[in-house]
Each structure stands twice: as C-alpha cells, then as structure tokens.
Amino acid sequence: MRFWIIVRCLFYFAFANAQDEGFPYNFGLLRQNDEINTTQDAPKSFYQNIKQHKLSAKTSLSFGGSYRFQIEGFVNEQFSSELNQNDYWFLNRFQLHSHLKVSDKFELFAEINSSLITSKDELAPVDKDELSFNQLFVRYHFDENWNALVGRQNIRLGSGRLIDIREGPNVRLSFDMVQLHYVNPKTQITGFYAIPVQLEEGIFDNDILNFKESVAALYWTQNWNSNTNTDVYALYKEEEDKTWDSGTADDNRLSIGLRHFGMWKKFTYNNEFVYQTGDFGGQNISAWTASFNIEHPLPLLGEDGVIGIKTEAISGDSSDPDGILNTFDGLYPRGAYFGRVARFGPSNLIDVHPYINTILGPVSVELDYVAFWRFSRQDGVYSPPLILEYPSANENRFIGHQIGTIASLKVNDFLNLELETNLIFPSGFLEESGLDDTLFHTVVTAEMKF
C-alpha cells in the first residue's frame, strides 16, 4: 500500500509540473549527470524544495529517482508454436538516488534499485533484483581536469557497443571499479579496472568482487573540430569458463578499437572497427567487427525526420581444429541490441538495418527492418548476453527478417510513454533447426523521472 501511495504522489508531481515554463532540470540517462539549474533567489515549488538543498555556498544535496513499468509479451518466443511460448509478464523498476557535492571537489552518489517481475516462469538474471545498490561511489576532483572514482557505477563507453549500462532489461549492469578520468573541452580520457556485479534475486545479496570476471580499460575521446570526433580504446577482459560454440574454457582477450563519428554536410555518421586477440583454452583468439551507420534528414517526415542505415559484420569461428577462435566477444553490450525483443547478440553475425525516425510534436516514431545472417556457418547464434542460444546445426547462413516499430509520447518533462512491437520471420538456419514459427513481441512502457 505504501508503495502505491508513493507512486501516486510522484505522478502528482509529474502532472502538476507539466505546464511549468523554463523547466530547471535535465534528467540524464545516468542520474549522476543530471543538470539542476535552480537559483537561490527564484521562487521554488514544493517539488523543487525537496529536489535540492543548498547546505552552504558550495555544498548541495539533491534527491531523485525513476519508476518504470512495463508489460512485455511474446508469441512463439523460441520460434516454435509446439512449445509453451505464448506469454506476457509485468516488470517494475524503482530507483532512488541522492547526490552530495562538496566545494567542487568531492562527490558522493548513492542509488538503490528494486526490479521486480510477475507472471514469468523462467527468469533470466536481468529480470529480477529485489533490492540492491545499483550505484554507490565517491569521486574526488583534483582540479578542473582530473578526477578519480572508487565504488559501484553504471558506465557507457562511446556508443555502448562494448560496454553499456544495459538499459533495455529490467536490471542495469553495474561494475565495482577504480577509475581515473581526464577531461578538457576537446579531450576525454578514462582508465579503469572493474569487476561486473553478479546478480541474485534477493535483497542486498548480489555477488560482488567476483574475480572470475574482470575488465580493464583505457578509452580516449577526441573532438577534432565541430564535425569530426574519434574514440580510440583498448579493453582487456578476463572471464573463466566462457562457452562458445567450440567449447568451454577461460577466455582472456584484448579489444583494440577505433570509432569515427560526426557530421559531413547533412549526413551524420558513426563508424567503428574493433579487433580482438588473446587466448581461449589452448586456442589463440583472432576476431573482429566493423560497423557503419549513416543517416540523413528526410523532410517528408517532418522537421526532425531522418532516414538511415546501419550494417555490421561480426566474426564467427570458422573451424574447430585450426587452433584459432574467431568468435567475436561483444563484452558488455546493450541488452536490447536489436530492440527489446533481444533474440540475437553481437557475435557471429552480419546484419543490414535500414530505419526511419521522426518527431511530431510530443510523439516520436521509429520504424526499422533488420536482415540477419551468420558470419560463419561453423559457429552458432548467440543471445545478447553472449550465451550460445542456437548451436550450429546446419550449413544455412541466413537467419531471418525482423520488423520493428517504436512510438513514444512525451507527456511532460517527467513522464514518457512508449509502445514497441517486433516481428521476426525465421528463415534458413532457424527453419532447418526446426524453429520455423513467426515470433511476435510487444512491450508497453511508462517511465517517470523525478
């Protein structure tokens, strides 16, 4: 009962402030990046009074959070009507945070998370976490350029291709880490050593500092001019007992990447190449991915309409006895890599992905199509968590077609509603594996930030 009273009060704040002019907050995807622009002398609403407290001239304490409710449903989730695959479930994610800033030198950020799910029989680790610290870190600013962080954090590097916060699923990805960060108007350099938090379903019971899996990173972002930017990075990941189609062993690999993004005339581009080397059991690793994304304004769809295309090749293993593993490891990618339907992940894959997007007042609409192939006929198809989902059982390369739509309504600065649908038509590889029924997926989302 108390929970629903809180939710109703929060919705009251959302609608009560819907007509405010000059909204003084910019809510970030990572809430430690929220921008709060209230002034000491301006009149404040009740919400603003509890949002941020000035403890002294240079010290502030702010509070906030979010609530996300989803209804998700599948028909033929595993491409087979013979299995009990028709199902729907309800997801709730509630997060609360506080952020203490002292004299432009010290920050303490704490964020608790409660992710719950009902009506789903077989739970994935990312579905449920009753109560935990999603983030808890301290950051010290040595000067305006250098700062250091210790603690638990969500993190996204670049476009989120290899390390992302996993926003699509019910539970975000957290790392326990030490981090050193340099920033100036043109340059950002981040270095860290991190251990991913292993999720459990209960209350403050997540497995922390499990050194069976870790990642170290050095990531450099450079703004060369107003239209050209690059990311150059090296990521080293160690993981025990990793399973690929060729077997299970310890996987130690170095990922070296280059991302080139910006604008040319009216075109927006975002291209990335990653090469991986290392060892897997007794095999050497040699894997790679190349991704190209370009989009252009489309006036027929309104002032904010765009048309674009993404395409990528992600290497897979060519054969078992050559002593080389060619399967690319996407490390910690977006949980919803090709939409929230989340059937295929970034390993052993070729995809072509045209799309159109537009914004019409408070409504944004996205329509896309994806065609999937296996890169290698000797390797299987993996899920977004890079778990072998469909082992290599035949020589067919083509996997299937996916059509997706997303319609979002921004009710006000606090509340957003969204409807996503996906259809996947299995073909070739899946059909010959006995998985030949069309998959339908839908998810309805209501998310409020405060």
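The values are calculated or read from the model by the stated rules, or taken from the named source; none is laboratory data. On a predicted model such as this, the values are computed, not experimentally measured, just so you know. Reconstructed Cβ throughout: ideal geometry from the backbone, glycine too, with neighbour counts over all protein chains shown.
Scan the stretch 288-299 and tell me whether some residue there is over 20 Å from D245 (Cα atoms), over 26 Å from the mean Cα position of the chain (by Cα) and surrounded by fewer than 17 Cβ atoms within 10 Å (Cβ to Cβ). Let's see the steps before the verdict.
Here is the first cut: in the stretch 288-299, the ones over 20 Å from D245 (Cα atoms) are 290-299.
Remaining after also requiring over 26 Å from the mean Cα position of the chain (by Cα): 298-299.
Now narrow it down to the ones that are surrounded by fewer than 17 Cβ atoms within 10 Å (Cβ to Cβ): 298-299.
Yes.
For the condition out of contact with any helix residue (DSSP H, G or I) (no Cβ under 9 Å at 6 or more places or on another chain) and under 29 Å from F74 (Cα atoms), what is the one hit in S214, S174?
Being out of contact with any helix residue (DSSP H, G or I) (no Cβ under 9 Å at 6 or more places or on another chain) and under 29 Å from F74 (Cα atoms) holds for just one of S214, S174, which is S174.
Within the stretch 359-377, work out how many residues are surrounded by 17 or more Cβ atoms within 10 Å (Cβ to Cβ) and either polar (S, T, N, Q) or not in a strand (DSSP E or B) (or both).
Total satisfying the criteria: 4.
Checking A407 against (1) surrounded by 15 or more Cβ atoms within 10 Å (Cβ to Cβ); (2) closer than 15 Å to E366 by Cα; (3) in contact with a Leu (Cβ under 8 Å, 6 or more places away or on another chain); (4) touching a residue at least 24 places away in the same chain (Cβ under 8 Å): exactly one of these is not met. Which one?
The single condition A407 does not satisfy is (1).
When the residues of the stretch 204-253 are narrowed to those that are within 15 Å of M177 (Cα to Cα) and among the polar types (S, T, N, Q), which ends up modelled with the highest pLDDT?
Going through the qualifying residues, I end up with S214.
Looking at I195, I256, which is the one that is over 30 Å from G305 (Cβ atoms), touching a Ser or Thr at 6+ places or on another chain (Cβ under 7 Å) and either among the basic types (K, R) or part of a strand (DSSP E or B) (or both)? Quick ask: steps written out before the conclusion?
Values: I256 fails: touching a Ser or Thr at 6+ places or on another chain (Cβ under 7 Å).
Just one listed residue meets the conditions, I195.
Failed condition for L386, given (1) buried (at least 22 other Cβ atoms within 10 Å of the Cβ); (2) on the phi > 0 side of the Ramachandran plot; (3) part of a loop (DSSP other than H, G, I, E, B); (4) not hydroxyl-bearing (S, T, Y), with all others met?
L386 satisfies every listed condition except (1).
Taking the stretch 222-253, which residues are of a type in the set (D, E, K, R) and either under 21 Å from I294 (Cβ atoms) or part of a loop (DSSP other than H, G, I, E, B) (or both)? Write out each step before concluding.
Looking only at the stretch 222-253, we keep the residues that are of a type in the set (D, E, K, R), and these are 231, 237-242, 245, 250-251, 253.
Of everything in the stretch 222-253, those that are of a type in the set (D, E, K, R) and either under 21 Å from I294 (Cβ atoms) or part of a loop (DSSP other than H, G, I, E, B) (or both) turn out to be D231, D245.
Kindly evaluate D304 against the criterion of being over 18 Å from G404 (Cβ atoms), assigned to a loop (DSSP other than H, G, I, E, B) and either touching a residue at least 60 places away in the same chain (Cβ under 8 Å) or out of contact with any Cys (no Cβ under 8 Å at 6 or more places or on another chain) (or both).
yes
Would you check which residues across the stretch 102-137 are without any contact (Cβ under 8 Å) to a residue 60 or more places away in the chain, in a strand (DSSP E or B) and polar (S, T, N, Q) and list them?
The answer is N113, S114, S115, T118, N134.
Need pairs with beta-carbon distance below 6 Å; first residue within 14 Å of A313 (Cα to Cα) and within the stretch 369-395, second part of a strand (DSSP E or B) and aromatic (F, W, Y); sequence gap 6+ or separate chains.
Note: pairs meeting the criteria are W373/F398; V381/Y390.
Could you run through the stretch 259-285 and say how many residues are at negative phi, surrounded by fewer than 19 Cβ atoms within 10 Å (Cβ to Cβ), in a strand (DSSP E or B) and without any contact (Cβ under 8 Å) to a residue 60 or more places away in the chain? Please lay out each step first, then the result.
So in the stretch 259-285, the residues at negative phi come out as 259-261, 263-264, 266-277, 279-280, 282-285.
Pick out the ones that are also surrounded by fewer than 19 Cβ atoms within 10 Å (Cβ to Cβ) and you get 260-261, 263-264, 266-269, 271, 273, 275, 277, 279, 282, 284.
From the residues that got through so far, the ones that are in a strand (DSSP E or B) too are 260-261, 263-264, 267-269, 271, 273, 275, 277, 279, 284.
The next check asks that each one be without any contact (Cβ under 8 Å) to a residue 60 or more places away in the chain; those that pass are 260, 263-264, 267-269, 271, 273, 275, 277, 279, 284.
Of the residues in that region, 12 qualify.
Residues are listed down the side, and each one gets a yes or a no for (1) within 23 Å of G281 (Cβ to Cβ); (2) surrounded by 15 or more Cβ atoms within 10 Å (Cβ to Cβ); (3) of a type in the set (S, T, N, Q); (4) in contact with a His (Cβ under 9 Å, 6 or more places away or on another chain):
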| position | (1), (2), (3), (4) |
| --- | --- |
| L209 | no, no, no, no |
| S214 | yes, yes, yes, no |
| Q222 | no, no, yes, no |
| D231 | no, yes, no, yes |
| E239 | yes, yes, no, no |
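Within the stretch 328-358, restricting attention to residues that are out of contact with any Leu (no Cβ under 9 Å at 6 or more places or on another chain) and part of a strand (DSSP E or B), which residue is modelled with the lowest pLDDT?
The selected residue is Y337.
Within the stretch 311-327, how many residues turn out to be assigned to a strand (DSSP E or B) and under 25 Å from the mean Cα position of the chain (by Cα)?
4
Could you check the stretch 407-433 and list, in sequence order, the residues that are farther than 19 Å from R374 by Cα, among the polar types (S, T, N, Q) and over 21 Å from the mean Cα position of the chain (by Cα)?
Within the stretch 407-433, just N412 meets the criteria.
Restricting attention to the stretch 47-67, which residues are out of contact with any Phe, Trp or Tyr (no Cβ under 8 Å at 6 or more places or on another chain) and in contact (Cβ under 8 Å) with a residue 12 or more places away in the chain?
Scanning the stretch 47-67 gives Q48, K54, K58, T59, S60, L61, S62, F63.
Right, R172: touching a residue at least 12 places away in the same chain (Cβ under 8 Å), in a loop (DSSP other than H, G, I, E, B), under 22 Å from E272 (Cβ atoms) and of a type in the set (D, E, K, R) or not?
No.
Taking H99 as the residue in question, decide whether it is loosely packed, with under 14 Cβ neighbours inside 10 Å, touching a strand residue (DSSP E or B) at 6+ places or on another chain (Cβ under 9 Å) and either among the basic types (K, R) or not in a loop (DSSP other than H, G, I, E, B) (or both).
No, not satisfied.
Test each condition in (1) under 17 Å from Y67 (Cα atoms); (2) within 19 Å of the chain's Cα centre (by Cα); (3) modelled with pLDDT of 95 or more for R166 and report the one that comes out false.
R166 satisfies all of (1) under 17 Å from Y67 (Cα atoms); (2) within 19 Å of the chain's Cα centre (by Cα); (3) modelled with pLDDT of 95 or more except (3).
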